[in-house]
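Q: Below: one structure in structure tokens.
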Amino acid sequence: MNNSVAWASRPRWMTTSTRGRGARATLVCLVLAIFALLTPTLSRAAEATSLRLATHHSDALTTDKLFYVYTPPTEDPAERFPVLYVLHGKWGSHADWPEKGNAEEMARRYRMILVFPDGGQFNWYLNSPVMPECQYETYLTQDLLQYVDANFPTIPRREARGLMGLSMGGHGALLMAARHPDLYGSASSLSGILKLTNHGARGEVVDRLGPLDKFPQRWIENSVWDQAERFQTANVKLLFDCGEDDTKTGAIADNRQLHEKLMELKVPHIWREHRGTHSWPYWTEHLPDHLSFHQAAMLAAVEKPEKWFGIYFARLAQFFDENAALTVEPEDGKLRVVLLGSSSVQGMPKSLFPGDRAGYQYRAFNRGIGADRLGIGTRGLTKRMEESVFDLKPHVVFIKNGRNDLGARHGSKTGDPSEDRMIEEYTKIVDEIQSRLPGCAIVVCTSPPVLGKYAHLAPSIIEYNKRLRKLVEEKGLVLLDLHPLLVAEDGLLLKPENSADGLHLSQAGKEIWAAKIYEELDRQAARVGIAKAK
């Protein structure tokens, strides 16, 4: 029996592949074992920041198994983290996501442990009644889970444990979440094969379950679509997506059918259909969306998250829950409105958007997060467009993200970053909305003036707003020019009655802004043919 963890960063030559994997894995384990013996004083800091290769014994599989594990860096040896199990696809191994998916680099934006198991090339993460050596459901839900909780700083609760995977791994992630909701609180799939009974000719599944026509119940018990009723009581947060051109594998059909069935069952979930195929470029592009989903889902289990990290992902958790609930609600025929931005948007009270104030029927979704920074850095608007905009399919998006927030937050006299960098990021947001939602109106709100200790930012705000007006003209957007409505007679500083703290607006200032929003909403409702309420 062998249970060991290699406490070292992973040199490139120590990776494994599907060809010659057994011999290379043995060599890796031997080298790492020797390395561990020769370096007993390796620092905790080095341990904490490395992607590590581990091996342990599985009773279910009666053999030793390899997996990679990533643990976030920490200064606190007592800190514990949520854990996400990331499953590979057919023909793959535990090395796929670290090597092909850039998972280690992307993981550095988050505060959770990632475990990359070896599910075998064709085992579908199921327990085979035919092949005793294929008991992968038991392996993952018992042997590996217990070993990881015993040897790594996890939070050993379902609320802090998630599953995700691609293709065959997407099937495994959702199936195990359906069958073991006591173990996992969130599950997601990229390009998953989610209705196994659609694929009765798959030879490797036939080998493990027997022919579909002879053993239909075995296939039903191991098919996510056929087990979807379990999600009605599982209380598992769900996300799955697929490329619209993923037709050869049948994945897009499976995903659409699961979405339809979950809607019929009234199971909240998030379903996304993107441009793309069954390929690593697709999976790598959308991996951050899944990592954000799971980080948000598991954040509540973390005792003391870092302040701004916690604020950001707590808001994302609200967005994901709201968006998932929309999938089981009937279409209400209202104008869907997204308020997109940072603290000024987050602070807009719901009372200013009752839904019918101007005679039309509106539904406003507040997607503001304090200190959002547009997406410049590790978080922000450009990194949360799916849950903030595209899940909602809005008719109109208002964007308000200001020079004042960014400059003041970082204590800069002239603002940080530059207007050029901000407009560059702003343009990314606009371009993506125009590309994916061509019928959606984009309303750009200029940055309001400031007062008091933030007054040094006033000249920068004037320049920033000039750039915003130019962007509106170049891209054919709608302008909501807030600055002239709120500025004092000097044309530079905020009117005292419109100021809450010099940076944010008072209730009076917010009401001026809301009134202008409603004027624009009247025009947008008429544009898309939404009639006034009787």
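The values are calculated or read from the model by the stated rules, or taken from the named source; none is laboratory data. From a predicted model like this one, the values you see are computed outputs, not experimental measurements. As a convention, Cβ positions derive from the backbone with ideal geometry for all residues, glycine included, and neighbour counts pool all protein chains shown.
Q: Identify, by number, the condition in (1) surrounded by fewer than 19 Cβ atoms within 10 Å (Cβ to Cβ); (2) without any contact (Cβ under 8 Å) to a residue 40 or more places away in the chain that His180 doesn't meet.
A: For His180, the failing item is (1).
Q: Given the residues Gly172, Gly203, which is the only one that is without any contact (Cβ under 8 Å) to a residue 24 or more places away in the chain and farther than 21 Å from Glu79 by Cα?
A: Exactly one of Gly172, Gly203 is without any contact (Cβ under 8 Å) to a residue 24 or more places away in the chain and farther than 21 Å from Glu79 by Cα, namely Gly203.
Q: Can you name the number of the only condition in (1) surrounded by fewer than 21 Cβ atoms within 10 Å (Cβ to Cβ); (2) touching a helix residue (DSSP H, G or I) at 6+ places or on another chain (Cβ under 8 Å) that Arg158 fails?
A: (2)
Q: Hey, another quick one. I'm checking my understanding of the structure. Among residues of the range 71-99 that are acidic (Asp, Glu) and closer than 22 Å to Ser189 by Cα, which one is surrounded by the fewest Cβ atoms within 10 Å (Cβ to Cβ)?
A: Glu99
Q: Which residues, taken from the range 203-215, are among the charged types (D, E, K, R) and farther than 19 Å from Glu133 by Cα?
A: Within the range 203-215, Asp213, Lys214 meet the criteria.
Q: Now for a different question. Looking at Leu492, Leu503, Leu479 in this structure, which one is part of a loop (DSSP other than H, G, I, E, B) and under 37 Å from the mean Cα position of the chain (by Cα)?
A: Among Leu492, Leu503, Leu479, only Leu503 is part of a loop (DSSP other than H, G, I, E, B) and under 37 Å from the mean Cα position of the chain (by Cα).
Q: Related question: Filter the range 347-371 down to the residues that are within 22 Å of Lys393 (Cβ to Cβ), within 20 Å of the chain's Cα centre (by Cα) and not β-branched (Val, Ile, Thr) and list them by number.
A: Those that are within 22 Å of Lys393 (Cβ to Cβ), within 20 Å of the chain's Cα centre (by Cα) and not β-branched (Val, Ile, Thr): Phe365, Asn366, Arg367, Gly368.
Here's the yes/no breakdown for (1) buried (at least 17 other Cβ atoms within 10 Å of the Cβ); (2) modelled with pLDDT of 95 or more; (3) aliphatic (A, V, I, L, M):
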position	(1), (2), (3)
Gly276	yes, yes, no
Pro281	no, yes, no
Asp289	yes, yes, no
Phe293	yes, yes, no
Val302	yes, yes, yes
Glu306	no, no, no
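Q: Which one is farthest from Lys516 (Cα to Cα) among residues in the range 327-351 that are in contact (Cβ under 8 Å) with a residue 60 or more places away in the chain and out of contact with any strand residue (DSSP E or B) (no Cβ under 9 Å at 6 or more places or on another chain)?
A: Val328
So that you can scan it fast, the table gives a plain yes or no per residue for (1) part of a loop (DSSP other than H, G, I, E, B); (2) within 15 Å of Ala325 (Cα to Cα):
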residue: Gln232; (1), (2): no, yes
residue: Cys242; (1), (2): no, no
residue: Asp246; (1), (2): yes, no
residue: Ile252; (1), (2): no, no
residue: Arg256; (1), (2): no, no
residue: Glu260; (1), (2): no, yes
residue: Met263; (1), (2): no, yes
residue: Val267; (1), (2): yes, yes
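Q: Filter the helices (runs of 4 or more DSSP H) completely within the range 43-142 down to those with at least 1 residues that are touching a residue at least 40 places away in the same chain (Cβ under 8 Å), farther than 25 Å from Asp182 by Cα and more than 22 Å from the chain's Cα centre (by Cα).
A: Where helices (runs of 4 or more DSSP H) fall fully within the range 43-142 and carry at least 1 residues being touching a residue at least 40 places away in the same chain (Cβ under 8 Å), farther than 25 Å from Asp182 by Cα and more than 22 Å from the chain's Cα centre (by Cα), they are 44-48.
Q: How many residues does the range 213-230 hold that are surrounded by 20 or more Cβ atoms within 10 Å (Cβ to Cβ), of a type in the set (A, V, I, L, M, F, W, C) and outside any helix (DSSP H, G or I)?
A: 1
Q: If you don't mind, there's one more thing I want to ask. Return yes or no: is Val389 part of a helix (DSSP H, G or I), under 16 Å from Val430 (Cα atoms) and of a type outside the set (Phe, Trp, Tyr)?
A: So Val389 fits the description; yes.
Q: Exactly one condition in (1) surrounded by 14 or more Cβ atoms within 10 Å (Cβ to Cβ); (2) touching a residue at least 40 places away in the same chain (Cβ under 8 Å); (3) among the charged types (D, E, K, R) is false for Lys453; which is it?
A: (1)
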